[in-house]
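Q: Encoded as structure tokens, here's the structure I'll be asking about.
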Amino acid sequence: GAGVSQSPRYKVAKRGQDVALRCDPISGHVSLFWYQQALGQGPEFLTYFQNEAQLDKSGLPSDRFFAERPEGSVSTLKIQRTQQEDSAVYLCASSLALQIYEQYFGPGTRLTVT
Amino acid sequence: AQKVTQAQTEISVVEKEDVTLDCVYETRDTTYYLFWYKQPPSGELVFLIRRNSFDEQNEISGRYSWNFQKSTSSFNFTITASQVVDSAVYFCALSEAGGFKTIFGAGTRLFVKA
């Protein structure tokens, strides 16, 4: 079946612009995660959804970052007034059940803020 | 607090050599889950294995094996008879049953030369 998809794959934004990154998880997966991966680093947790409920947003670096999953499937990560330090790969992952099970990752969106 | 340490930044081996990737973790929970993921040059993380804290049995899957030792808080990964296709970045990760985050280590980049 189809895996996790993310769009766009690449995004270049000028500093101060707003961006929206989309994640389509595997159908039927309850859990959805967003991560930020800087060059040469491991994924850093941003936020976690169980269906439409955002149960943990402790990893969001500032109030410029906002995530939603209104119908418990597709999720959007929005970054307002982008800064250069936001440049990274944003990964989405989904899991069949709870957060303690294996995650299936999308290809990521590479965001470059100029 | 949760922490995952992968002290080896890069390892280079010649094909057919065995190689062990180290992972040391910290957690206060008694119930937790450990994972290994592979990130090939294409970029998409791929799940390799999941262990829970109550199962210290070592596991072997083909050329891959994992050694989980609670006494030393380690979950090491060995590739036997390495192949060029094993070249990738490998991440160790930890999820606590009482939370929603997954914490990743910084990764170990493995180069397997022909």
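The values are calculated or read from the model by the stated rules, or taken from the named source; none is laboratory data. Owing to the predicted nature of the structure, the values given are computational and were not obtained by experimental measurement. Reconstructed Cβ throughout: ideal geometry from the backbone, glycine too, with neighbour counts over all protein chains shown. Surface accessibility is based on the protein's heavy atoms, side chains included, excluding ligands, DNA and RNA. Shrake-Rupley method; radii C 1.70, N 1.55, O 1.52, S 1.80 Å.
Q: Using alpha-carbon pairs under 8 Å, 6+ residues apart, how would you state the relative contact order of chain A in percent?
A: Over chain A, the number comes to 37 percent.
Q: Provide the buried accessible surface between chains B and A in square angstrom, both chains summed, 1.4 Å probe, rounded to the nearest 100.
A: Looking at B and A, the buried total is near 1700 Å².
Q: Still on this structure, I have one more. Taking the protein assembly as shown, how many lysine pairs are there with alpha carbons less than 27 Å apart, if each pair must be eight or more places apart or span two chains?
A: Lysine pairs meeting the criterion: 20.
Q: Please name which of A:Ala13, B:Gly98, B:Ala1 has its Cα lying farthest along the dipole of the protein assembly as shown towards the positive end, using unit charges on Cβ (Lys, Arg +1; Asp, Glu -1) and the Cα centre as origin.
A: A:Ala13
Q: Take the solvent-accessible surface of the protein heavy atoms, probe 1.4 Å, and return the percent of it on the protein assembly as shown that carbon and sulfur atoms account for. If you can, show how the numbers build up before the last one.
A: Numbers: 5290 of 11020 Å².
Carbon-and-sulfur percentage of accessible area, whole number: 48.
Q: With a ≥ b ≥ c taken as the square roots of the eigenvalues of the C-alpha gyration tensor of chain B, please select rounded if a/c is under 1.5 and otherwise prolate if a/b is larger than b/c or oblate if it is not?
A: The shape class here is prolate.
Q: Something else now. Just to confirm my numbers, what's the Cα centroid distance between the range A:85-114 and the range B:23-57 in Å?
A: Here the two parts' Cα centres lie 17 Å apart.
Q: List the relative contact order of chain B as a percent without decimals, with contacts defined as Cα pairs under 8 Å and 6+ residues apart.
A: Dividing the mean separation by the residue count of chain B yields 38 percent.
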